[in-house]
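**Q** Let me begin by handing over the structure; questions about it come next.
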Amino acid sequence: MMYCKICAQPSRLLYKDLYDDRHGYPGSFDLYRCDSCGFGQLQVPDGELDVESLYTRYYPRRSWTVEQVSAQAAQGQRLSRRIFNNVECHRYVVAGRTLDIGCGTGQSLLELRAQGIEACGTEFDENVRRLATALGLAVHFGPLHTADFPKGSFANVTATQVIEHVPDPLVFIEEAAACLAANGRLYISFPNFDALTHRLFAERWLHHHVPYHLNFFSRRSIELLMARAGLVVERFATATPPNWLAKQLLNAWLPIPPGQPDRFWEGEAPPRVFALLKWLCAPAALVLDSLNLGDSFIVVARTKG
């Protein structure tokens, strides 16, 4: 029997034998869902996944260059970037010292710095260390609890598509909240387990992304989590990058076999049809988000003063 990490109620088997259809990690995994709060969790035997080496070995950031990161950051204010990357939490920050948990290549830190905002980050992927050093970015490599950030030292903490990756989401939120000053704000985004695309594509849903995604949140489950961590939710919305919606359609049409990496995620140019398809998906993404049925949640919560 598997029990829910959020409300401790029994969870039932939802999908069996999901596999990594992005980077080719071997094996298959079962996904459970709680009927009480709607939270989903991946079943991973103890000690089977080394999270830190998982990202260093399988994520494709090893091929990124300083020039690519700088070029991406320079495009941060373009309208197309805002349309196709509307889950990036650092975009909602307007002022104040900011910590970006899971800062990836460091692009977010460059964009914040360009706005005159002091920013630092944390990251698991050791492939990013050379980029951070070359770009002069303040990045702690490893889990947040191993960093030496003073408690209450940030006005903002951001985490774009991170909480779904962590073993214990409550501990994650509590550690993030401890970094915030009084009335500081936490901005997080993560896949919406109640998204319409999940209901339509079921096992083939793009955002299962096993074994990297361990947690899957409904609105009720994240509200319970925030309340347990003593945070007050200020904003709740969904965001659907049209390029993700287009990739969902391609995955349904051209599934990736188990054990093989998807060349699209590994850095190879996507099919030409993708460029057109992502623009065609933009109106559908707007409709989904207007109904709060989009692919990802955007949540803004604050600490109590």
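**Q** For residues in region 10-35 being buried (at least 16 other Cβ atoms within 10 Å of the Cβ) and of a type in the set (Gly, Ala, Ser), which is farthest from GLY106 (Cα to Cα)?
**A** SER11
**Q** Any residue that is in contact (Cβ under 8 Å) with a residue 60 or more places away in the chain and farther than 30 Å from ALA178 by Cβ - is there at least one of those in region 212-227?
**A** No: region 212-227 contains no residue that is in contact (Cβ under 8 Å) with a residue 60 or more places away in the chain and farther than 30 Å from ALA178 by Cβ.
**Q** Considering only residues that are aliphatic (A, V, I, L, M) and free of Cβ contacts under 8 Å to residues at least 60 places away in the same chain, look in region 228-247 and name the one that is surrounded by the most Cβ atoms within 10 Å (Cβ to Cβ).
**A** ALA246
**Q** So, one more: Output the number of the condition that LEU131 fails; it satisfies all remaining conditions of (1) at pLDDT below 95; (2) surrounded by fewer than 21 Cβ atoms within 10 Å (Cβ to Cβ); (3) out of contact with any strand residue (DSSP E or B) (no Cβ under 6 Å at 6 or more places or on another chain).
**A** Every condition holds for LEU131 apart from (2).
**Q** While we're on this one: Just give me the residues in region 177-210 being closer than 21 Å to THR238 by Cβ, part of a helix (DSSP H, G or I) and small (Gly, Ala, Ser), in sequence order.
**A** Answer for region 177-210, where residues must be closer than 21 Å to THR238 by Cβ, part of a helix (DSSP H, G or I) and small (Gly, Ala, Ser): just ALA202.
**Q** Given the residues GLY47, GLY116, which is the only one that is small (Gly, Ala, Ser), at pLDDT below 85, part of a loop (DSSP other than H, G, I, E, B) and out of contact with any helix residue (DSSP H, G or I) (no Cβ under 8 Å at 6 or more places or on another chain)?
**A** Selected residue: GLY47, the only one of GLY47, GLY116 that is small (Gly, Ala, Ser), at pLDDT below 85, part of a loop (DSSP other than H, G, I, E, B) and out of contact with any helix residue (DSSP H, G or I) (no Cβ under 8 Å at 6 or more places or on another chain).
**Q** Something else about it: Mind checking which pairs have a first residue in region 136-153 that is over 17 Å from ILE173 (Cα atoms) and a second that is of a type in the set (Asp, Glu), Cβ under 7 Å, 6 or more apart or different chains?
**A** Every condition considered, the pairs that remain are VAL139/GLU123; PHE141/GLU123; PHE141/GLU126.
**Q** Let me ask something else. In region 248-273, which residues are surrounded by 17 or more Cβ atoms within 10 Å (Cβ to Cβ), modelled with pLDDT under 90 and not in a loop (DSSP other than H, G, I, E, B)?
**A** LEU250, ASN251, PRO261
**Q** Then there's this: Restricting attention to region 1-34, report how many residues are without any contact (Cβ under 8 Å) to a residue 60 or more places away in the chain and not in a loop (DSSP other than H, G, I, E, B).
**A** Result for region 1-34: 11.
The values are calculated or read from the model by the stated rules, or taken from the named source; none is laboratory data. Please read all numbers here as calculations on a predicted model, not as lab measurements. Please note: Cβ atoms are built from the backbone with ideal geometry, for glycine as well, and neighbour counts cover all protein chains shown.
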